[in-house]
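In what follows, a single structure is set out as structure tokens and then discussed.
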Amino acid sequence: MNVNNDNRPFDWKNDIIFRVQQRNKLQCFCYQDLINSHNRLFDQANALKSENIQLEIQLERLRKEGPEGHKSVDGNADVRTATNEQLLVLEQKLLARQEELTEIHKKRGENAQMIVDLKNALSEKDKLITVKDKVLTENITLIASLKAEIQMYETNHQRLQDQYQLLQDEHQALQLTASKLEEKLRKTQDENMELVERLKRYKFKDAEKMNQENENFIRKRNEKMQKELEDAAKDMRGLSPDSFRDCGPISFSPNAIPTKHYLHFDAHDGEVNAVKWSPVDRLFATGGADRKVKLWDISKGSIESKGLLVGSSAGVMSVDFDSTGTSIVAASNDLASRVWTVNDQRLRTEKSLNLCQIFQENFANALMSNNTYCYGLTIRTSD
Amino acid sequence: MATDREVLRDLWDGKLPVCFVLNDEEVCDLQTPEAFYLMVPRLSYFPLVWDKVRKHFIKHVHADHHDMEMWLDYNGTPLKWHYPIGLLFDLYAYDTQLPWTLTVHFEKFPENILLHCGSREVVESHFMSTLKEADALKHKGQVMNTMQKRDHNQLWLGLQNDKFDQFWSVNKKLMDTSSTDGEFKHIPFRIYCSDEGPFIQKLVKPFTEDSQPKLLQNLIEEIFPDTCKQVCVITHGIELSLDVPLQWMSEHMSYPDNFLHLCIVSNTS
């Protein structure tokens, strides 16, 4: 290389060409033929190898055919080969047929298997159908029973509706009678009112009459008293005037005017509002602010409690006996009057009606005019 | 011009004798298969030539690996299929004894080092993209873009079938400098150092600012400004003298992908 460089010092183009050619000579040309021939040999070897293998196969085949061919030896080689060829062809055909046969067998087996499968499937389906049928019949019976039930319920319903209609009619009739009755009731109530009104009137009349009687009675007593007084005055005229002088200018008969109390006792806790003698016995009744009415007996010369009449809820303002002395009436500040029987001392009636009050007031007024009330805790009774 | 064409023709005809050997560990037959010898064009790529090799060796490997990708190594270095064969030889085996012995592998694909190469289409797309890159450097991609699909196909088929005339009838358009005052915009080149690592690629104009043609010397100085020692530039299996103009080199000594693939060897010899 150096030698070349020296020969052509600066001609770089020629140098390159030279070097490339040199390179090709070195690397290419000396190996090209070698490698080409090697490749050729390689290919040949490969081809021979494959040929060899093919020949071996052929040989093998021929060896197989050999004994068969020997059997049919007739001396005529051409015929033999021809028959051999025919045999070969037939054999091949046979082989193909056999293959076909096996294929068909296989197919048949597959088909049989398929048939079995299908049969199984069919039986399963049949089972399914029977089950479904059963269910269907069950459902049909169920439907029938349900229909019957519905029928029953419908008739029931019809009956109930009829009953209901009947009841409604009855109800209407009853309402009609009820309204009629109500009207009657109203009428009777009106009547009743009228009657009560009449009763009131009668009572009032009664009270008036009683007042008159009382007035009469008082007048009579007054007259009697006056008479007595006149009598007494007459008697006094019969006396000597001297005796009158001894006694003083004014003197009263001890019989006429009480000077000392006969008995003295505590009757009530509080004020004594009313006293009344019994018209028959030596009994009298007191009424006080302690809401009690008390009965007292003085027949034995001393005071003796005969009974305690309770029931008033406010102070008793007035008491009175009836004319037979069996009942006692008391008027109280609680807007009520009560009646007791004297014997068993039990409350008989209690009236808070206006009517009674009016009556009571009248009664009491009549009494008040005759009696002396003592606003203290003591009561005095003349002998 | 006749001499220039001669250079192109001689470069095109450059072939390498290669001896393919199956990796011992992957042999599953009783006896190791015979080595397979082949003359491979320097300018081609391995996936374009190894069909026969694969067919030969596939019978001797385990059936599980029949579908695996084949890959090659030289002295334990996996060979990148996307480098031209000549470059691989210059890079790794410049001063070995020929034929060049390569080991064939089917197993343990080195995922980290090699790209997968499923078919020839992958090689084609890689080749075309490199071609476009080179044209972008030379003419801003104008020539490549004005070409038709048919021309692209012709380039690829010319390389694949080792047809010099078919290839160069189209490739000469890419090397044309008449529209740009006889010069490229930049020189498409890649410089490989023999030690491992990516290649070096820079924008270098073919002429200096005072329109003097740049020589290979200038390029080396530009790339390695601080190395004073003598370097040896190898491409296409020959040592280059450093006074070759870059423009001429690019036009005449590029690989089919239009790149100058230069190997730098420290000048120890």
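Tabulated data for the structure shown
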read-out	value
Residue within the stretch B:56-72 that is open to solvent by 10 Å² or more (accessible area, probe 1.4 Å), in a helix (DSSP H, G or I) and among the basic types (Lys, Arg) present	yes
Flag if B:Leu11 is part of a helix (DSSP H, G or I) and open to solvent by less than 20 Å² (accessible area, probe 1.4 Å)	yes
Residue tally, condition outside any helix (DSSP H, G or I) and open to solvent by less than 30 Å² (accessible area, probe 1.4 Å), over the stretch B:122-169	2
Pick from the stretch B:239-262, criterion surrounded by fewer than 22 Cβ atoms within 10 Å (Cβ to Cβ) and over 18 Å from B:Arg5 (Cα atoms), ranking: farthest from the other protein chains (Cβ to nearest Cβ)	B:Leu242
The stretch B:16-34 - residue that is at the interface with chain A (Cβ under 10 Å from one of its Cβ atoms) and open to solvent by less than 50 Å² (accessible area, probe 1.4 Å) and, of those, nearest to B:Phe106 (Cα to Cα)	B:Cys19
Conditions (1) open to solvent by less than 70 Å² (accessible area, probe 1.4 Å); (2) within 14 Å of chain B (Cβ to nearest Cβ); (3) at pLDDT below 80; number of the one not met by A:Asn2	(1)
Output for the stretch B:35-55, where each listed residue is more than 20 Å from B:Lys108 (Cβ to Cβ) and assigned to a loop (DSSP other than H, G, I, E, B)	B:Ala35, B:Arg42, B:Leu43, B:Ser44, B:Tyr45
Matching entry among B:Thr101, B:Thr146, B:Thr96 (being touching a strand residue (DSSP E or B) at 6+ places or on another chain (Cβ under 7 Å), over 23 Å from B:Leu246 (Cα atoms) and of a type in the set (S, T, N, Q))	B:Thr101
Hey, B:Lys52 within 12 Å of chain A (Cβ to nearest Cβ) and either crowded, with 21+ Cβ neighbours inside 10 Å or of a type outside the set (A, V, I, L, M, F, W, C) (or both) or not	yes
Meets criteria (exposed (fewer than 14 other Cβ atoms within 10 Å of the Cβ) and within 12 Å of chain A (Cβ to nearest Cβ)) for B:Arg42	no
Some residue of the stretch B:175-196 being under 24 Å from B:Leu240 (Cα atoms), under 19 Å from the mean Cα position of the chain (by Cα), part of a helix (DSSP H, G or I) and in contact (Cβ under 8 Å) with a residue 12 or more places away in the chain	no
Any hit, the stretch A:325-336, residues being part of a loop (DSSP other than H, G, I, E, B), surrounded by 13 or more Cβ atoms within 10 Å (Cβ to Cβ) and among the hydrophobic types (A, V, I, L, M, F, W, C)	yes
Selection count, the stretch B:92-119, where residues are under 26 Å from B:Leu131 (Cβ atoms), among the hydrophobic types (A, V, I, L, M, F, W, C) and open to solvent by 20 Å² or more (accessible area, probe 1.4 Å)	2
Pair list, Cβ < 8 Å and 6+ apart or interchain, from the stretch B:145-163 residues that are among the basic types (Lys, Arg) to residues that are open to solvent by 20 Å² or more (accessible area, probe 1.4 Å)	B:Lys163/B:Leu157
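For every residue, the table says whether it meets (1) farther than 20 Å from B:Leu48 by Cβ; (2) in contact with a helix residue (DSSP H, G or I) (Cβ under 8 Å, 6 or more places away or on another chain).
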{"site": "B:Met68", "(1), (2)": "no, no"}
{"site": "B:Trp71", "(1), (2)": "no, no"}
{"site": "B:Tyr83", "(1), (2)": "no, yes"}
{"site": "B:Leu87", "(1), (2)": "no, no"}
{"site": "B:Thr96", "(1), (2)": "yes, no"}
{"site": "B:Glu107", "(1), (2)": "yes, yes"}
{"site": "B:Cys117", "(1), (2)": "no, yes"}
{"site": "B:Glu121", "(1), (2)": "no, no"}
{"site": "B:Ala134", "(1), (2)": "no, yes"}
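The values are calculated or read from the model by the stated rules, or taken from the named source; none is laboratory data. Being a predicted model, the structure only gives us computed values, none of them experimental. Neighbour counts run over all protein chains shown; Cβ positions are idealised from the backbone, glycine included. Side chains included, ligands, DNA and RNA excluded: accessible areas come from the protein's heavy atoms. Shrake-Rupley method; radii C 1.70, N 1.55, O 1.52, S 1.80 Å.
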